[in-house]
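Worksheet: one structure, shown below.
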Amino acid sequence: TKISFEDKHPCSSQKYGSVSHETAEGDIPSADAGIKSSKRAYVAVAVLCYVNLLNYMDRYTIAGVLPSIQNYFRITDSTSGLLQTVFICSFMLLAPAFGYLGDRYNRKVIMVAGMIAWIVTTLGSSFITEEYFWVLVLMRALVGTGEASYCTIAPTIIGDLFIGSQRSIMISFFYIFIPVGSGLGYILGSKIASVTGDWHWALRLNPILGVPGLLLLVFLMPNPPRGASEMQGSVCIEHTSYLEDVKYLLRNRSFVWSSLGVTAMAFVTGALAFWTPTFLSRARVKQGIMPPCVKEPCDPSDSLIFGVITVVTGIMGVFVGTAISRKLRDRLPSADPIICAVGMLSSSPCLFLAIVLAGTSIPVTYTFIGIGEVLLSLNWAIIADILLYVVIPTRRATAEALQIMVCHLLGDAGSPYLLGIISDVVSKLQATSLEWRFHSLEYSILICPFIGVLGGLFFLFTALYIKEDRRAAEVLAIGTAGLRTVVSAGV
């Protein structure tokens, strides 16, 4: 099968931004495709879920073996945080470009190209020697290039394959692999490093598993017309400028406030995901449970435990959040942002208690971490679904890209590095004290619960506008039967 970079069908004479009721030859309308179309859509979601799993496994493998990396390269907390920051920065900066391409060109080709780049750079980063830490930093930045192409586009394909409650279910399955992949990154990364005695091997598993993922994308992934689910598989697109797209999104109050809420959530989850295993390891040293790590591989216990907790609580949170949303959405139009607000606001005191009690009781700390992660995970699928139903189909990839850029720019791009800097500054007050090394990281992590409260407030503001903005998106996307709805900056 020859893959063309542009969508080829009779509607190609139409321009981006308009939606008509003409059926594109070669595109299978959902009303006629029956079981065959449904099966292909479900297979597509399964492939996207597998690649999403690998993306998040790779993202947190570094965190799972961070003490070993610190010893190997002899780097400080702030320098360690830079590994995650450069990855997120490249991911963030390139997301708008891929969003622009994803709203205009063949999304399958873009994802395949990104997957190839991800496999090559991830594998390359596993061969860095002790003298070339800067090369590891560079390779981690390039890994973000591959992930940006995939994460920006994949949710929009699901949005074009399903609609309504079925879309919510598929989105929940897709986003459940964020905590599952993150947890497996800790577990497998630390375990492989422990078994082989070399943390480099922990980075090699993901690109190996990525090869079958690439083949699945090439042979099993469709490229549905944008808005196909809303328009029964038959849409035509009219071009609008990128500036018009951005203006439309900035006027969408639900999109703006929910993006700020996602940003606060990204700050909290990014910082905690990167630093928690190391923080708990230092807590054990402070309590005298284990000696400090002086030679890699370091004790992987906390990475393993935290990984298991992340997987279990992530699955629970996503399913519970989706179930509550489906039950309340018809009766309460603002249910989704309210659920997100409750999740953020109620998780903050749990995370605060987990942090302040880490120095005295590891089991109690893990208990509060588990409760906090369940509450945070309520939001994963819901925030994605909010974007899909308040933004018209032809601007979803751009919306995904802008949301990714903002939430990483102000969220997890800087939070691991910021916490590392604060920890380094505080630790200099008693540079030789192992106990103070624990407290320095503890004081820096305490920022997170307060940012979580701010995120909850942003979602409450989203609830004020969600009904109006959702209805406006539906009117623009569906239009009136037999007529063409032209989307422009003046609508």
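At a glance:
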{"read-out": "Single unsatisfied condition, S427 versus (1) open to solvent by less than 20 Å² (accessible area, probe 1.4 Å); (2) within 29 Å of S348 (Cα to Cα); (3) among the small types (G, A, S)", "value": "(1)"}
{"read-out": "Hey, I447 touching a Phe, Trp or Tyr at 6+ places or on another chain (Cβ under 7 Å), within 30 Å of P155 (Cβ to Cβ), open to solvent by 30 Å² or more (accessible area, probe 1.4 Å) and among the β-branched types (V, I, T) or not", "value": "no"}
{"read-out": "Condition broken by A358, with the remaining ones in (1) outside any helix (DSSP H, G or I); (2) open to solvent by 10 Å² or more (accessible area, probe 1.4 Å) satisfied", "value": "(2)"}
{"read-out": "Residues (of a type in the set (S, T, Y) and open to solvent by less than 10 Å² (accessible area, probe 1.4 Å)) located in the stretch 60-89", "value": "T61, S68, S80"}
{"read-out": "Per-region count, the stretch 283-307, residues touching a helix residue (DSSP H, G or I) at 6+ places or on another chain (Cβ under 6 Å), in a loop (DSSP other than H, G, I, E, B) and without any contact (Cβ under 8 Å) to a residue 40 or more places away in the chain", "value": "1"}
{"read-out": "Residue list for the stretch 104-114, filter: in contact with a Ser or Thr (Cβ under 8 Å, 6 or more places away or on another chain) and either without any contact (Cβ under 8 Å) to a residue 40 or more places away in the chain or under 11 Å from G213 (Cβ atoms) (or both)", "value": "M111, A113, G114"}
{"read-out": "Candidate set from the stretch 364-381 (those that are at pLDDT 90 or above and of a type in the set (A, V, I, L, M, F, W, C)); member that is farthest from I466 (Cα to Cα)", "value": "V364"}
{"read-out": "L345 out of contact with any Pro (no Cβ under 9 Å at 6 or more places or on another chain) and within 30 Å of L434 (Cβ to Cβ)", "value": "no"}
{"read-out": "Test for A413: is it modelled with pLDDT of 85 or more, crowded, with 24+ Cβ neighbours inside 10 Å and either under 21 Å from the mean Cα position of the chain (by Cα) or β-branched (V, I, T) (or both)", "value": "no"}
{"read-out": "Set A354, A323, A358: member being of a type in the set (G, A, S), over 19 Å from the mean Cα position of the chain (by Cα) and farther than 28 Å from T462 by Cβ", "value": "A358"}
{"read-out": "Restricting the stretch 297-320 to residues that are surrounded by fewer than 24 Cβ atoms within 10 Å (Cβ to Cβ) and in contact with a Lys or Arg (Cβ under 9 Å, 6 or more places away or on another chain), the residue that is modelled with the lowest pLDDT", "value": "D299"}
{"read-out": "Y389 being over 21 Å from A273 (Cβ atoms) and aromatic (F, W, Y)", "value": "yes"}
{"read-out": "Positions within the stretch 141-163 being within 20 Å of N379 (Cβ to Cβ) and either open to solvent by 40 Å² or more (accessible area, probe 1.4 Å) or not hydrophobic (A, V, I, L, M, F, W, C) (or both), in sequence order", "value": "T152, P155, T156, G159"}
{"read-out": "Lone unmet requirement of (1) among the β-branched types (V, I, T); (2) open to solvent by 30 Å² or more (accessible area, probe 1.4 Å); (3) within 22 Å of the chain's Cα centre (by Cα) for T432", "value": "(3)"}
{"read-out": "Which numbered condition L351 misses (of (1) open to solvent by less than 40 Å² (accessible area, probe 1.4 Å); (2) more than 28 Å from V65 (Cα to Cα); (3) modelled with pLDDT of 90 or more)", "value": "(2)"}
{"read-out": "Looking only at the stretch 101-140, and only at residues there that are hydroxyl-bearing (S, T, Y) and more than 19 Å from the chain's Cα centre (by Cα), the one that is surrounded by the fewest Cβ atoms within 10 Å (Cβ to Cβ)", "value": "T129"}
{"read-out": "Options V143, V180, V112; residue that is at pLDDT 85 or above and closer than 22 Å to F274 by Cβ", "value": "V180"}
{"read-out": "Matching option when the condition is within 27 Å of F91 (Cα to Cα) and out of contact with any Ser or Thr (no Cβ under 7 Å at 6 or more places or on another chain), among L378, L332, L353", "value": "L378"}
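One line per residue, one yes/no per condition, for (1) small (G, A, S); (2) at pLDDT below 85; (3) over 30 Å from the mean Cα position of the chain (by Cα); (4) at positive phi:
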position: K8; (1), (2), (3), (4): no, yes, yes, no
position: G17; (1), (2), (3), (4): yes, yes, no, yes
position: D32; (1), (2), (3), (4): no, yes, yes, no
position: L53; (1), (2), (3), (4): no, no, no, no
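The values are calculated or read from the model by the stated rules, or taken from the named source; none is laboratory data. Please read all numbers here as calculations on a predicted model, not as lab measurements. Cβ sites come from the backbone with ideal geometry, for glycine too, and all protein chains shown count toward neighbours. Ligands, DNA and RNA are excluded from the accessible area calculation, which covers all protein heavy atoms including side chains. Shrake-Rupley method; radii C 1.70, N 1.55, O 1.52, S 1.80 Å.
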